[in-house]
Amino acid sequence: MVKEGDKAPDFCLKGLTPDGTEKEVCLKDLLKEGRYVILYFYPKDNTPGCTTEACDFKDNLNVLKDRAVVVGVSPDSINSHKKFREKYDLNFYLLSDTDKKVMEQYDAFGEKKMYGKTTKGVIRSTYIISPDGTIVKKWRNVKAKGHVAKVVEQMEKLT
């Protein structure tokens, strides 16, 4: 289980760049840009909570983009990401973790309670990773609505 102060596990996943280009994206390459990485894990494209969270990141990107790069990760296919991106005009990285290996590394996949039942699935989580690769903030099991405001607030404290 990764926690604040730990070195963020490196990963490479296929996905879409902010301009919609399909390519493999690695954490180490994003960190080379010298900005923070806001890495957030979400369950599914085009669902109400995930759409709210993605649109909140899009709407706040003007505040974040000089200091951070936003990366959304879900188990959805790249094709699903393309439709999601086009429908909501998303302007940040969307990566595909179909085998959920990266989610497991980041403690964002496992048992969770939904409507009183215990199921296995994606645990909505966000990490802020500093340019040196250290996890400086971790949120786990977040509510989509209002979460991005907390991320923006935390970024203002960090930079």
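A few comments on the model shown:
- Residue check for Thr98: under 21 Å from Thr21 (Cα atoms), without any contact (Cβ under 8 Å) to a residue 24 or more places away in the chain and either surrounded by 14 or more Cβ atoms within 10 Å (Cβ to Cβ) or not aromatic (Phe, Trp, Tyr) (or both): yes
Yes or no, residue by residue, for (1) hydroxyl-bearing (Ser, Thr, Tyr); (2) touching a Ser or Thr at 6+ places or on another chain (Cβ under 8 Å):
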| residue | (1), (2) |
| --- | --- |
| Asp66 | no, no |
| Pro75 | no, yes |
| Asn79 | no, no |
| Lys83 | no, no |
| Tyr88 | yes, yes |
| Gly110 | no, no |
| Gly116 | no, no |
| Ile123 | no, no |
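- Selection within the range 90-124: residues that are hydroxyl-bearing (Ser, Thr, Tyr) and more than 22 Å from Asn62 (Cα to Cα). The member of this set that is modelled with the lowest pLDDT is Tyr115.
- In this structure, Asp132 does not qualify as more than 23 Å from Glu22 (Cα to Cα), among the charged types (D, E, K, R) and surrounded by 14 or more Cβ atoms within 10 Å (Cβ to Cβ).
- Picking from residues in the range 144-158 that are assigned to a loop (DSSP other than H, G, I, E, B) and surrounded by 12 or more Cβ atoms within 10 Å (Cβ to Cβ), the one that is farthest from the chain's Cα centre (by Cα) is Lys145.
- Close pairs from the range 117-128: first in a strand (DSSP E or B), partner surrounded by 10 or more Cβ atoms within 10 Å (Cβ to Cβ) and among the small types (Gly, Ala, Ser), Cβ under 6 Å, at least 6 apart: Ser125/Ala108
- When Val37 is tested against (1) β-branched (Val, Ile, Thr); (2) farther than 12 Å from Val70 by Cα; (3) modelled with pLDDT of 95 or more, exactly one condition is not met: (2).
The values are calculated or read from the model by the stated rules, or taken from the named source; none is laboratory data. Predicted model only: the values in this text are computed from it and were never measured. We place every Cβ from the backbone using ideal geometry, glycine too, and count neighbours over all the protein chains shown.
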